[in-house]
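Structure first, then comments.
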Amino acid sequence: MPMIWMQTEKAVVQELQRRLSNVSHSIDEIMQKESSPLFAADIITELKRQFAFLSGGRGQDGSPIIIFPEFPSFCEIGDQEFRNVLTYLTSIPSLSAAGVGFIVVIDRRRDRWTCLKATLLRISGWFPANLRLVLVLRPSAILQRTFSDVFFKLHRDDFKVPVLMLSSVADLHSYIERSQLTQELGGSQYYCHKTWISHRTDLESFAALVKRMAQRLQVFGREMAETELPNNLLTAGNLLNAHTSRKDRLKEEITGALSQGRKLLENIREPVRRDPDSSLNPDQLENLATVHRLLSQLNESSTAFDEFWIQHQNKLELCLKLCQFEHSFQQLQTELEQATETLNSFSDVGISPAQTEHLLQELTNHEKKVCEVLDRVRSVVAEGQGLIDGSQNVDDSVAVKCSELQKARENLIQELKDKKTMLTQARELHKKLEMVCKWCDDGIYMLASQPLDKCQSQEGAESALSELEFYLETANEKELWEISTVWLEYESILNNELREHVKRAFEKKASLEEMFEKRRVSLKKLAAKQTRPVQPVAPRPESLSSPAHREHENICISEDSDSRVSCKEVNFDQVDRSSRNASVSEEEETLAVLRRHVMNELLETERAYVEELMCVLQGYAAEMDNPSMAPLLPAALQNKKDVLFGNMQEIYNFHKRIFLKELETYTDCPELVGRCFLDWMRELQIYEKYCHNKPRSESLWRQCSDCAFFQECQKKLEHKLGLDSYLLKPVQRITKYQLLLKEMIKYSKGCEGSVELQAALSSILGILKAVNDSMHLIAITGYEGNLGDLGRLLMQGSFSVWAEHKRGHVKVIELARFKPMQRHLFLHEKALLFCKRREESGEGYEKAPSYSFKQELSMAAIGITETAKGDSKKFEIWSSSRDEVYTVQAVSEEVKTIWVTEIRKLLTGQLEAYKEARQQKAPEQFTSENSSTNRKNESRNLRSGGVEKQKTEEERGKELENILEPGMTQRAKGASFSFETKPKRQDIRSDPTPLETGPHPNLGGVRWFSTSSLFQNRRRSTHTEYTRWTKGSLSLDASVEHDGYFSAEEQVTSDPEEEKEDKLCEDELQSMKIEEEIQLSEETEDPEE
């Protein structure tokens, strides 16, 4: 329905225009500008020369007095300047005073007759008003006085105005009272020409302001009256706000003008305020009157506009209310349609009690939402009725819409009531069917529990018969259990599936009644006469019955007890199988309903998600490129669309064009939806990019969240939430998938697609883990290299770490490290990083931890000891030379096991890679002679402190093969090794061969791994190594302490040359040890660093 267009009543607008026009005309009359359009500001220079002025005095008959004071250069004044001043001065007095005529006083006491004559001729030649009398104070010099007397008599007729020659001021006082003359003329009147000019300019400026305000109010009123009323809620609100703002500004200006007028009044009264005994002259009194009249006209303008504004504001507010009503009507109409569609989806009544109960619960939840909509409908209808009753400008369309909403509300209430009644009846029917089934099951149990041996006697048969007939009477008492009653009472809710369910239940009941009847006949025969032992064959208590096996319920009479047992067992198995099949079928149907429910939720939320992304991209991202919105875009957002929205466009395209359509193909087979996730799992990794950018986006949003651009976009979209809530949607969506998959897996156990569902869940969790790990990774600061060169991030977590360092030949335990360091470890494919976690700061995504880089260990140069001494949650990581040993404590044994397993995989993988590379090379390329020579050279280099860092991997591998051969041979033969003395920690080296089996019985569960030894130069020569392996009787006994890690290739005895060097440098080493301990103590004052 189009919006009602209301027009301003012409009478109101015409009245406003008339009153404001009268104000403008009155101002001109007050200021007498119709006859003299001059203003003081226009001739301010001429007035300041003061060759003529209006003193404010009056003659005896009230004539205004214009004084021409002594002005030697009067003859130099131009005619136009002279005329402008006289015209302005004669326009100032009131019309009544000017009508009496002006008195001109010319003071030429110090002048000559020629100048006096020129003045009289100029005045008599042109005077703009009625000139009543000219009083001249003639020159006082004797010669000039004589000339004046003689020549005045000769030229009296040339002046054309009444002129009186006065000899002195006393003569002047006989014509004009002293109180009306200035002090220069011997009077008592105070006159300041500068103040007079200031008052005149202020008065005329105020009059112009009042007139201008009236004209602006006229224009504004006309514009408001001619404005076309909108039919859009936002536009109507903006129009009302714009008009109100303009009105407020005009009212502020009117208030300022009133203050200016009051200040002008105070300035005019200033002489009286300074001297209470003084009084204002007639001109000052007329100025006061003029200001009062102007203030009155200004108040009149304000009052006329206020009266018009009230009606205009009512019109705009009514328009806004109508727009609000229209908007609410459209919104409610859509919500009512959606509620009706949702309600129509409750067409199924459920084929099981659980399904019906679930549908009823969903209907109850939907009813709560619908009640909120219905309450709003009632409120909007009341609002529309109030508009109809409160204004005559509202047409019948509002009443029609109110009627439509009311009718839709009543229909929805009735449909909701019908659906609830239908599901309630279905629940009652299922309860009754459960009662029927329970009655049948109890009956079967009763038949099976009757003692067969006692039924052989007459008393036993009579007792069983009585029990049987009593149970049958309980069925006859329940008339609702009749199938005809069910068809009649529940006809409105019975669909094909439910009808079959009812038929099966009552067929079961009929079958049981037939069994009861056969049993009753048999028992009657037994109770009447017993000719021989009779053994009735009945089902066991836990069995059920079916019509297909009713022949097994007959009485079996046989002398062979084994035959009777066999007959019963066959009957029991068949009846029990039928019961289990019915129970399983019902459970499968319930699970299918729950799977469809999860699938519906997945599809509905996916559609809503796509719509929200489209809304954000069109309502915010596209508007950043809109030229009309460019003025509202802050500088911080310029060219930052990719930072703010990340790859949201890519996510939207994928979900809109591909993923949503693919999900919809699994609507009828929700248990297979895991295949959809697996097929598109690679594309879903685009969320990692979005999450990586989220901190930058969050930071940019916080800088500009209050800017007018976002507020305007939010108003256009009519969103209640800001953009930040919608930027979080992709993060929430990728998290929602794993929750829905878990629900689907819960209801799909044993189904065809359960394996794919579990795989899809694992993949989604993998994406979430990768996102979480990478969010921590980008927070690392202080690392100078490229994190991408370290390979894929496998794990990250926080640990307590103790460190030991070996400086030269001295092992230095850091005394300051009794308190562990708190470190966050990042395990990459090629390196292990040690970082310190910093305090969290900021809000939202900005409230994330940061990590300061501390240490890097290459995975190609480390070993691991799985169990550290003293705590099952500890393990050790050490460098190949054992110069650095890090004891790492996890928060739990589970975390430790996961980390140790992952590191073991990396080290084992490196070893296998080396073995494969070695197998691909021809052994002939390396001779044993070259290998021996290389080992000797390496031994000499090591003793001199130099290591060939550029040695190729091929040479290091060959060296490893020669070194490890004796040890590997010994281990293969199962030889027993023993250490002659307890080795020092810094002297122990790693075993390069990982223990892939379980813990050694004599090692207490200790495992060790190191791939760094695969590529490390050995310190000892081949001869020394061979001597160690042949002379050392090695035994891996648990009684010998090895500080938590061992090496089968390491000998215990010292090198003689090393012992000699140690003795020569003993004093120097002792001094070095003390200095290093002091240095380490100073470096580790803060255990947390």
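Tabulated data
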{"quantity": "Å² per residue, accessible surface of the range 293-449 at 1.4 Å", "calculated": "49 Å²"}
{"quantity": "Kirkwood hydrodynamic radius (C-alpha pairs) into Stokes-Einstein, the range 673-751, 20 °C and 1.002 mPa s, D in µm²/s", "calculated": "140 µm²/s"}
{"quantity": "Within-14-Å neighbourhood charge of LEU790 [Cβ basis; K, R +1; D, E -1]", "calculated": "-3"}
{"quantity": "Tensor-based shape of the range 11-69 (alpha-carbon gyration tensor, a/c under 1.5 rounded, otherwise prolate or oblate)", "calculated": "oblate"}
{"quantity": "Relative packing of 630-642, 11-23, which averages over residues the other C-beta atoms within 10 Å, highest first", "calculated": "11-23, 630-642"}
{"quantity": "Within the range 237-280, backbone nitrogen closer than 17 Å to the virtual label 7 Å beyond the Cα of SER391 toward Cβ", "calculated": "237-244"}
{"quantity": "GLU337 versus LYS420: modelled label distance in nm, points set 7 Å from Cα along the beta carbon direction", "calculated": "2.6 nm"}
{"quantity": "Local electrostatic count at PHE346 - Lys and Arg +1, Asp and Glu -1, tallied over other residues with Cβ under 11 Å", "calculated": "-4"}
{"quantity": "Size of electric dipole in the range 608-762: Cβ of Lys, Arg +1 and of Asp, Glu -1, about Cα centre, debye, nearest 20", "calculated": "340 debye"}
{"quantity": "Total charge dipole magnitude, the range 261-343, about the Cα centre, Cβ charges on Lys, Arg, Asp, Glu only, Debye to nearest 20", "calculated": "440 debye"}
{"quantity": "Of the trypsin sites (Lys or Arg not before Pro) in the range 266-354, those whose Cβ has at most 14 other Cβ within 10 Å and which sit in DSSP loop", "calculated": "ARG269"}
{"quantity": "Packing-based ranking, highest mean first, of 896-904, 338-346 given that Cβ atoms within 10 Å are counted", "calculated": "896-904, 338-346"}
{"quantity": "Per-pair calculated FRET efficiency, R0 = 30 Å: GLN732 and ALA636 via Cβ, rounded to 0.05", "calculated": "0.70"}
{"quantity": "FRET efficiency for VAL219 and LYS369, using Cβ-Cβ distance with R0 set to 51 Å, rounded to 0.05", "calculated": "0.45"}
{"quantity": "Flagged links, alpha-carbon separation over 32 Å, of LYS716/LYS736; LYS321/LYS736; LYS407/LYS661; LYS247/LYS369; LYS749/LYS769; LYS48/LYS211", "calculated": "LYS321/LYS736; LYS407/LYS661; LYS247/LYS369"}
{"quantity": "Label-point gap, in nm, between ARG212 and SER798 - each point 7 angstrom along Cα→Cβ", "calculated": "6.9 nm"}
{"quantity": "Pairwise centroid distance, computed over Cα atoms, of the range 716-780 with the range 677-704, Å", "calculated": "12 Å"}
{"quantity": "The range 281-347: C-alpha gyration tensor shape, a/c 1.5 cut-off, then a/b vs b/c", "calculated": "prolate"}
{"quantity": "Options ILE92, GLN60, LEU135, ranked by Cα towards positive dipole end of the range 8-143, top entry (Cβ charges)", "calculated": "LEU135"}
{"quantity": "SER179/ILE310 FRET efficiency (R0 45 Å; Cβ-Cβ; nearest 0.05)", "calculated": "0.30"}
{"quantity": "In order through the range 83-92: 3J(HN,Hα) via Karplus (6.51 cos²θ - 1.76 cosθ + 1.60), integer Hz, x for Gly, Pro", "calculated": "5, 4, 5, 5, 4, 5, 5, 6, 8, 7"}
{"quantity": "Cα gyration tensor category, rounded, prolate or oblate, for the range 139-202 with a/c compared to 1.5", "calculated": "prolate"}
{"quantity": "Full-extension gain in nm, GLU513 to GLU467, via 0.36 nm per residue minus C-alpha separation", "calculated": "15.2 nm"}
{"quantity": "Cα-centre dipole for the range 244-384 with unit charges at Cβ (Lys and Arg positive, Asp and Glu negative), debye to 20", "calculated": "660 debye"}
{"quantity": "Per DSSP, loop trypsin sites (Lys or Arg not before Pro) in the range 143-239 with at most 14 further Cβ within 10 Å", "calculated": "LYS160"}
{"quantity": "Exposure ranking of MET515, MET795 by accessible area [1.4 Å probe, largest first]", "calculated": "MET795, MET515"}
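The values are calculated or read from the model by the stated rules, or taken from the named source; none is laboratory data. As the structure is a prediction and not an experimental result, all values here were calculated from the model. Backbone-built Cβ (ideal geometry, glycine too); neighbour counts: all protein chains shown. Side chains included, ligands, DNA and RNA excluded: accessible areas come from the protein's heavy atoms. Shrake-Rupley method; radii C 1.70, N 1.55, O 1.52, S 1.80 Å.
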